[in-house]
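Worksheet: the structure to be examined is printed underneath.
The values are calculated or read from the model by the stated rules, or taken from the named source; none is laboratory data. All figures in this text were calculated on a predicted structure; none of them were measured in a lab. Reconstructed Cβ throughout: ideal geometry from the backbone, glycine too, with neighbour counts over all protein chains shown. In case anyone asks, the SASA skips ligands and DNA or RNA and just uses the protein heavy atoms, side chains included. Shrake-Rupley method; radii C 1.70, N 1.55, O 1.52, S 1.80 Å.
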Amino acid sequence: MSFVTSDKMLADAQRGRYAVGAFNVENMEMVKAVIAAAEEAQAPVMLQTTPSTVRYGSLETFVAMVKAEADKTEIPVCLHLDHGDSFELAIQAIKAGYTSVMIDGSKLPFEENATLTRRVVDVARAVGIPVEAELGRVGGKEDDLEAHADQNTDPDQARQFEELTGVSSLAVAIGTAHGFYVGEPVLDKERVAEIAAKVKAPLVLHGASGLSESDVRECVSKGMCKVNFATELRVAYTDAVKKLLAEAPKTYDPKKLGLAAMEAVKEQVIARMKMCGCVGKAFV
């Protein structure tokens with residue numbers, strides 16, 4: 001069965017010193033493009049939706065689309081709630097059929113973040129669904145999620161947080177930001193290794209859109225097991241549509257627009273999978 005949780009794929013990545021690419025999707029075309037890319041690359045893949053994307057569509061709609069496409073391939077496909085902003089939304093996603101969820105309490109004080117995360121973990125674990133959490137704050141803006149200042153993750157706090165929550169994977173802050181970077185990002189890559197030495201759970205890198213290949217590869221080599229890409233996929237999608245309309249302004253068939261967008265997204269995803277080192281790792 002190809003519609004799976006993130007447990008095995010992230011454990012394999014942690015053991016094999018590569019990362020699983022996690023790609024935010026907004027519609028059917030992006031779902032199809034990401035899974036087509038994973039099939040061509042023979043790579044495990046995680047598709048993600050944020051709370052605003054869920055409001056645009058619905059949890060049930062994205063489950064139906066991803067499952068329908070996953071059923072056509074043997075590639076391991078996981079559907080993940082990205083930046084779940086409440087206990088209620090995380091549980092709704094699990095009930096709807098998501099195979100992984102994130103509860104993001106990173107804006108809360110440490111103790112409140114741990115308590116909220118533990119509540120979600122207790123429910124999710126009972127039905128076999130892994131939970132990602134975030135400690136520290138990743139700056140920038142993605143959808144309606146915004147952090148005005150970075151707060152890098154403390155390795156000792158990360159170990160304590162894992163012990164308190166039993167979380168399956170942990171997103172950590174090392175200087176990345178959501179959205180595109182205005183200037184050159186300054187990443188504390190050594191912090192990745194320091195956290196990885198103290199935490200058993202696979203580590204997650206948020207805010208990878210716009211990072212250089214060398215930055216991503218070095219973060220992966222130091223312990224990142226999942227890398228999130230969102231903004232650059234949206235740009236690839238919309239730029240392809242704009243290009244087609246500029247070249248053929250009389251185009252009115254949404255299918256033609258969708259095909260152009262899917263090809264652009266697929267190319268972007270394959271490039272990022274190569275960067276993460278997960279190409280050919282679908283059946284390790």
For residue 127, state whether it is open to solvent by less than 10 Å² (accessible area, probe 1.4 Å), in contact with a helix residue (DSSP H, G or I) (Cβ under 7 Å, 6 or more places away or on another chain) and touching a residue at least 12 places away in the same chain (Cβ under 8 Å). no
Tell me whether the stretch 221-233 contains one or more residues that are farther than 21 Å from residue 40 by Cα and either open to solvent by 70 Å² or more (accessible area, probe 1.4 Å) or touching an Asp or Glu at 6+ places or on another chain (Cβ under 6 Å) (or both). no
For residues that are open to solvent by less than 30 Å² (accessible area, probe 1.4 Å) and modelled with pLDDT under 80, scanning just the stretch 146-184, find the one that is farthest from residue 116 (Cα to Cα). 179
Run down 134, 69, 142 and say which single residue is surrounded by 18 or more Cβ atoms within 10 Å (Cβ to Cβ), closer than 20 Å to residue 22 by Cα, at pLDDT below 95 and in contact with a strand residue (DSSP E or B) (Cβ under 8 Å, 6 or more places away or on another chain). 142
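Does residue 264 qualify as being under 18 Å from the mean Cα position of the chain (by Cα) and either farther than 25 Å from residue 187 by Cα or without any contact (Cβ under 8 Å) to a residue 24 or more places away in the chain (or both)?
It is false that residue 264 is under 18 Å from the mean Cα position of the chain (by Cα) and either farther than 25 Å from residue 187 by Cα or without any contact (Cβ under 8 Å) to a residue 24 or more places away in the chain (or both).
Every residue, every condition in (1) β-branched (Val, Ile, Thr); (2) open to solvent by 10 Å² or more (accessible area, probe 1.4 Å), yes or no:
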{"position": "8", "(1), (2)": "no, yes"}
{"position": "11", "(1), (2)": "no, yes"}
{"position": "24", "(1), (2)": "no, no"}
{"position": "30", "(1), (2)": "no, no"}
{"position": "38", "(1), (2)": "no, no"}
{"position": "42", "(1), (2)": "no, yes"}
{"position": "54", "(1), (2)": "yes, yes"}
{"position": "61", "(1), (2)": "yes, yes"}
Restricting to the stretch 234-257, give me the number of residues that are farther than 18 Å from residue 47 by Cα and not in a loop (DSSP other than H, G, I, E, B). 14
Just to be sure, is residue 199 modelled with pLDDT of 95 or more and touching a Leu at 6+ places or on another chain (Cβ under 9 Å)? yes
Being more than 17 Å from the chain's Cα centre (by Cα), among the aliphatic types (A, V, I, L, M) and at pLDDT 90 or above: is that true of residue 230 here? no
Does the stretch 189-214 hold any residues that are in contact with an Asp or Glu (Cβ under 7 Å, 6 or more places away or on another chain), under 18 Å from residue 22 (Cβ atoms) and hydrophobic (A, V, I, L, M, F, W, C), and which are they? 201, 204
The stretch 208-227: number of residues that are within 25 Å of residue 102 (Cα to Cα) and either modelled with pLDDT under 95 or in a helix (DSSP H, G or I) (or both): 11
Does any residue in the stretch 72-94 that is under 24 Å from residue 11 (Cα atoms) and in contact (Cβ under 8 Å) with a residue 24 or more places away in the chain come within less than 7 Å, Cβ to Cβ, of a residue that is open to solvent by 10 Å² or more (accessible area, probe 1.4 Å) and of a type in the set (Asp, Glu) six or more places away or on a different chain, and which pairs are these? 73/39; 75/39; 83/104; 84/104
